[in-house]
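Derivation of every value follows stated rules applied to the coordinates shown; laboratory data play no part. Bear in mind the structure is a predicted one, so any value in this text is a computation, not a measurement.
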Amino acid sequence: MSDSSDFKPLPRKNKAAPRKRQSVGANTPSATRRVSRARAAPPADEPRTPRSRRARPPAQKNRFGWLKYAAFLMMVGVGVFVVANLQPTPPAAPPPADFTPDPEATLVPTQAPFFAIPHIFELPTDTPTPIPTPSVPDVAIVAGHWAIEGAARVPDVPDSGAICPDGTREVDITKSVADKTLSLLQRRGYRAELLQEFDPVYKDVNPDFAPRSFLSIHVDSCLVGAEYAYATGYKIAHAEPSDNQVQDDRLVTCLTRSYDKVASKYDKPFNYNTITRNMTEYHAFRKIDPTTPAAIIELGFLGQDYDFLLHHQDEIAQGLARGLDDFLKGQTCAPPTATPPPTTTDAP
Ligand SMILES: [Zn+2]
């Protein structure tokens, strides 16, 4: 007979092993439910220990805990630095009345900042970077029929310029007026360039030569006599057909408005009827950049406007320079108003 104390129940298999999780279904809680467990009350006979004395799980030491103190100190340091450098510089004490500056002394700052102010994060200043600009003149002025002595001429058109019986030459007037106009424009700050009638710059077709404005100055013929009564006054024209109609029109309008103020003073009208194809098909129009605003002017007739052309060149040049200036400034240049009738006080 076996003793009852020898009985040992067989160990239940996998008693402590967690139950295999069942597949998620309708009855499965979405989160593990916290089961509140009643705290075991200490035995009545055990003396109640204060909470702080109670045994705690040993806290894991944070090896980087000191960083927050370092960060705090850094922030304080930066704050002190900023406040110290924001202090306005105290005004310098006025020098004593008998103070005489030493001319030999070098300029040394008497009040250095308490902290050296770094300029590491200085923003880039807006200093203009020199950009190489192409050689584009604001104005190119042709002195009609003028050529540098000895320069190679390319006689595209058989036009040597008018020469009057008394020896007065068209080219002398165009060169003189072109020089005066050029110097007036340069005095206003423009890059103005003087060109020969057959300048090397447009010796061949040169679409790269694109000044902001182009004006060729000419003077009309020496016709005198009753049958040439019409041969007086000036005219301004652009290329026909134009490759830049709006700007060509504006250039002609600006020049006309300004030049008419001078010409009308001497009773020299705009002579529309004598605009020829020599003007509208002027050879240089087709040798520069086709979009360049370009015009040609006949200042007057050498025969009947002789006195005006020879003795009022300063005013003539002022009229041209003002017109080009208006154009380059972008003015609309309303057409000239009707020429007022000349009075006795206007007579030269
Ligand atoms: Zn001419």
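The table below gives the values:
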{"read-out": "Mean projected area in nm² (Cα convex hull; one quarter of hull surface) for region 273-334", "value": "5.8"}
{"read-out": "Cut-off under 5 Å, modelled amide H: who pairs with ALA295 long-range", "value": "PHE214, LEU215, SER216"}
{"read-out": "Average Cα contact separation per residue, region 176-315, under 8 Å, 6 or more apart, as relative contact order %", "value": "41"}
{"read-out": "Convex hull of Cα atoms in region 139-328, direction-averaged projection (nm²)", "value": "10.2"}
